[in-house]
1. Does the stretch A:238-259 contain any residue that is surrounded by 14 or more Cβ atoms within 10 Å (Cβ to Cβ) and in contact with a Pro (Cβ under 8 Å, 6 or more places away or on another chain)?
2. Run A:Ala277 past the list (1) surrounded by 14 or more Cβ atoms within 10 Å (Cβ to Cβ); (2) touching a helix residue (DSSP H, G or I) at 6+ places or on another chain (Cβ under 7 Å) and report the number of the one that doesn't hold.
3. Take B:Leu50 and tell me if it is facing chain A (nearest Cβ under 7 Å) and among the hydrophobic types (A, V, I, L, M, F, W, C).
4. Away from every other protein chain (no Cβ under 14 Å), among the aromatic types (Phe, Trp, Tyr) and surrounded by 19 or more Cβ atoms within 10 Å (Cβ to Cβ) - does that describe any residue in the stretch A:328-341?
5. Can you tell which of B:Ala41, B:Ala14, B:Ala25 is at pLDDT 90 or above, surrounded by fewer than 21 Cβ atoms within 10 Å (Cβ to Cβ) and either within 17 Å of the chain's Cα centre (by Cα) or polar (S, T, N, Q) (or both)?
6. Restricting the stretch A:121-141 to residues that are closer than 13 Å to A:Leu189 by Cα and in contact (Cβ under 8 Å) with a residue 12 or more places away in the chain, which is surrounded by the most Cβ atoms within 10 Å (Cβ to Cβ)?
7. Is it true that some residue in the stretch B:27-47 is within 30 Å of A:Leu122 (Cα to Cα), more than 7 Å from chain A (Cβ to nearest Cβ), of a type in the set (A, V, I, L, M) and touching a residue at least 12 places away in the same chain (Cβ under 8 Å)?
8. Being modelled with pLDDT under 85, of a type in the set (Val, Ile, Thr) and either within 30 Å of B:Leu168 (Cα to Cα) or buried (at least 16 other Cβ atoms within 10 Å of the Cβ) (or both) is the filter here, so list the residues in the stretch A:1-49 that pass it.
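The values are calculated or read from the model by the stated rules, or taken from the named source; none is laboratory data. Computed from a predicted model, the values in this text were never measured in an experiment. Cβ atoms come from the backbone with ideal geometry, glycine included; neighbour counts cover every protein chain shown.
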Amino acid sequence: MKNFEQQLKSLKSSKRIGSWDSAARAQVRARVMNVVKVEAARATPVQSLWFVSQFISRPLTIGTAAFVLLTGGWSATVSAAAGSLPGDSFYSVKRITEEAQLRLASLDRRAVLHTEFASRRLDEAEALVAAADTRPEAKALAHQALTDYKDQLARATADVVEINKASDPAAKTLVSSVGNKITELSAALDKTSAVQDQSSADIHEVKEAAASAASAVASAVVDVHESSASDSSERELKAMFSTLLGKVQARQTMNRHRIDVMSAMLGEDPERFKNAAGVPKSADLGSLAVAVANTSSAVDLAMSALTTGGYRAAFDELEKADRALLATEQQIAAYEFSILSAPEIETEAITPKAP
Amino acid sequence: MYLAGRVFSDKDAAAFEELFEKYAALVRRFLVSRLPRPEDADDLTADTFLRSWEYLSASRVEKPGSLFFRVARNLVADFYRRQKDTVGLDSAAEVASREDLAGETADKEEAAVVLEKIASLREEYAEILLLHYVSEMKPREIASITGKTPNGVRILLHRAKKALKEIL
């Protein structure tokens, strides 16, 4: 006799759902592809032209770029590489092209490029996680993409700190705008499914690195503001604070929600979790909830400091709250894993009652 | 190379056809479980992919599978809204049972009865059970369609199964 789980799994092959009649499937495919082929024939691939123009405008003195030129199919090659992911055959061309751009760039241009490449690594990690069911190596490649994201973010931050030391006012303007971009990238990390639901030490390290990058650029941008006292640097500071505040508040809400859900699950099925290893007791969840609640006082202090123009203190308090929440998140992920791994209590198949 | 990327950058029909081959059956299975007749599921499968082609060729999408299911979900909602306007029904379960699930034979396939019970659950429980067991989607994939976290999906799935057990 099937158990309940097997009953559910057999739904997909039931008469009601059944298999798709091949003639009906062919009809649907024809209906879709007739339209798609007509529209595809009319379209011009704009993005490949953009890549060609990017490379025509740069002096080709770099060995790898010259190699690509000599092989004759260089514009198509670079264009084909644009959307590639780690593990794809053209991915190495994409990375070589990026390194070539960096070597040609000035310090301020490099800072911008590093943020662009950090953003790409994040997109690649997301795409790889989405493909994990069909590519066995995808998860490992996603982890590597996140490590590369961390590296690009660190290089962008180092560039910003370096630019900050220069006395050129134009360079100082760039510190604020690139600093803002780095802060956004740090906040974007939390929203990607590549890091959600992950409790590995590597992912935690990436989150810590993103938090450190945000803190370092905040400090650089505060320096710029203190030396220039300009309206634009103040605007950038407030924008950065707003991005970081949003990230911290989202983290607070998510952590509270996750703790509530765990409490509800433990309450609904106490027998299942009674003796399961690593499953938290309600006192453990209570301590976590208190830790999350305590971060609100740091957030309040940050906001008070901001209103009185104490930007440095404001960012410091926000960083304190962020790091405390990161630590809580790590514990929450470990508890969730234990709860979800706790064995189900087997039930027999349920014979539906007659209507 | 990444198929959705090729559709966006080159309007590549062959890449889109590969996506169709990969996802069409899964999308159709979801639609069959949500709609009264297989013919309705075929129509909405075609509409799902036609709308998705427009979107994929204009925007960079990292998860085409999630897009297809999001579009399919919206089309199901539109379908029942139109049904409600024309025949004044209150719920999808009523339409489904009117069509061919309820009362035709006394000795119905057990799976058909289970599906009927699923359809009578609250919307988010019914949907998550069908996405997971009929369309064979993993919690991570369901999370990207529904906007929940993967752990949130696993927990919701646990609750949905419990709710189903209570009414079977």
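1. no
2. For A:Ala277, the exception is condition (1).
3. Details: facing chain A (nearest Cβ under 7 Å): yes; among the hydrophobic types (A, V, I, L, M, F, W, C): yes.
The answer is yes for B:Leu50.
4. no
5. Values: B:Ala41 fails: surrounded by fewer than 21 Cβ atoms within 10 Å (Cβ to Cβ); B:Ala14 fails: either within 17 Å of the chain's Cα centre (by Cα) or polar (S, T, N, Q) (or both).
Step by step, each of B:Ala41, B:Ala14, B:Ala25 is checked, and only B:Ala25 is at pLDDT 90 or above, surrounded by fewer than 21 Cβ atoms within 10 Å (Cβ to Cβ) and either within 17 Å of the chain's Cα centre (by Cα) or polar (S, T, N, Q) (or both).
6. In the first step, residues of the stretch A:121-141 are kept if they are closer than 13 Å to A:Leu189 by Cα; the result is A:121-126.
Of the ones still in play, those that are also in contact (Cβ under 8 Å) with a residue 12 or more places away in the chain are A:121-122, A:124-126.
Values: A:Arg121: 23, A:Leu122: 24, A:Glu124: 28, A:Ala125: 30, A:Glu126: 21.
Within the stretch A:121-141, the match that is surrounded by the most Cβ atoms within 10 Å (Cβ to Cβ) is A:Ala125.
7. Filtering the stretch B:27-47 down to residues within 30 Å of A:Leu122 (Cα to Cα) leaves B:27.
After this cut, where a residue has to be more than 7 Å from chain A (Cβ to nearest Cβ) as well, the list is B:27.
Filter once more, keeping what is of a type in the set (A, V, I, L, M): B:27.
Now narrow it down to the ones that are touching a residue at least 12 places away in the same chain (Cβ under 8 Å): B:27.
The answer is yes, given that some residue of the stretch B:27-47 is within 30 Å of A:Leu122 (Cα to Cα), more than 7 Å from chain A (Cβ to nearest Cβ), of a type in the set (A, V, I, L, M) and touching a residue at least 12 places away in the same chain (Cβ under 8 Å).
8. The answer is A:Ile17, and nothing else.
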